[in-house]
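The values are calculated or read from the model by the stated rules, or taken from the named source; none is laboratory data. Quick caveat, the model's predicted, so the values are computed rather than measured. Note that each Cβ is placed from the backbone with ideal geometry, even for glycine, and that neighbours are counted across all protein chains shown. Note: accessible area is taken over every heavy atom of the protein model, side chains too, but ligands, DNA and RNA are not part of it. Shrake-Rupley method; radii C 1.70, N 1.55, O 1.52, S 1.80 Å.
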Amino acid sequence: MIRTIWFYFSFLITTLYVCIFMPIAATFANSEKLVRHFGLFWCKSARFCSQIKLITDTDNIPTDEPVIFVVNHQSQFDIPLSTVALQKALPAFMAKKNLQELPLIGRCFRLYGNISVDRSNRRAAMKSLEDAATTIRNGRSVIIFPEGTRQQQFDELGEFKTGAIMLALKAGVPIVPVLIEGSGDILPKGRVKLSTRKNVYITAMDPISTAEYSVKQRNEFSDMLRERMNKKYMEMRACHKNQA
């Protein structure tokens, strides 16, 4: 309980600091780098305040071209932790619309260049894919959670939605599968108290080319991608499941 109280108190202070100074930084000339610095600081603070030990294997991520990082989703910690793990690329996120509607935080979400997705509105969802494609064409990588929402069971990955696949196939950029193991054990969906577990593992697999697939083959590509990611995730889960 002490860990939980410390996390929410200290992270609230950090969030207020970022929400005040990031918009100010955005008014400066050539502010993009400074804004991203504040965003990364916020993400690192989430890891520090929660006392999470992040173990990463992400040295092979591309930094010379934009890619789509496809990441499994277990916890509210996934956005800050994957940002820290992939900080060499500093990708933007595609995340649900209500994050952008939060007071103060929503404005910082937009300033960082993240893309909001309204899954209840098909036309708006397609517009989000177009925005993400524009971000990629401008040279910045994007992170997508293909399961669509946080999963509530952690023995295997959830079913993938095809939005990430459509985006990759249309943009013609590689997909980099990224696996998170452990964040759901610390703070699963529907709970506010942090568990005693502290280790979270993030691994980036080798990039997968989309050049040989067409949009009509999106379901085939999606099945192949989930199978590869699920196999690796289950190996990670078996190794780390009982760790604290």
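Rolling a 1.4 angstrom probe over the protein heavy atoms, how many square angstrom per residue are accessible across the chain?
Spelled out: the 1.4 Å probe surface of the chain, per residue, equals 51 Å².
On the principal axes of its Cα set, how long, how wide and how thick is region 140-244? Give whole Å, largest value first.
Principal axes ranked by extent give 45, 26, 26 Å for the Cα atoms.
Roughly speaking, to the nearest percent, how much of the chain's 1.4 Å accessible area is carbon and sulfur?
54 percent
Kindly provide the helix-only [θ] at 222 nm of the chain, computed as the sum of -39,500 (n - 2.57) over DSSP H runs of four or more divided by all residues, to the nearest 500 deg cm²/dmol?
-14500 deg cm²/dmol, from helical runs alone.
Looking at the square roots a ≥ b ≥ c of the eigenvalues of the Cα gyration tensor of region 1-146, which shape do they give, rounded for a/c under 1.5, prolate if a/b is larger than b/c, or oblate?
Verdict is rounded for region 1-146.
Report the equivalent ellipsoid semi-axes for the chain in whole Å, largest first, defined as the square roots of five times the eigenvalues of the gyration tensor built from alpha carbon atoms.
Working from the Cα gyration tensor, I get semi-axes of 26, 24, 16 Å.
Evaluate the distance, in nm, between pseudo-label points positioned 7 Å from the Cα of ARG191 and of ASN30 along their respective Cα→Cβ axes.
4.8 nm
Kindly state, to the nearest 0.05, the FRET efficiency for LYS96 paired with GLU220, given R0 = 30 Å and r defined as their beta-carbon distance.
Once rounded, the FRET efficiency stands at 0.65.
Compute the FRET efficiency between GLU159 and ILE5 as 1/(1 + (r/R0)^6), taking r as their Cβ-Cβ distance and R0 = 45 Å, and round to the nearest 0.05.
0.80
Taking the chain as a Gaussian network, where each spring joins two C-alpha atoms under 10 Å apart, which residue of GLY139, GLY184, GLY113 fluctuates the most?
Maximum fluctuation in the GNM of the chain, among the listed residues, is at GLY139.
Which pairs break 23 Å Cα to Cα here: LYS97/LYS198; LYS96/LYS189; LYS198/LYS232?
Cα-Cα > 23 Å for LYS97/LYS198; rest within.
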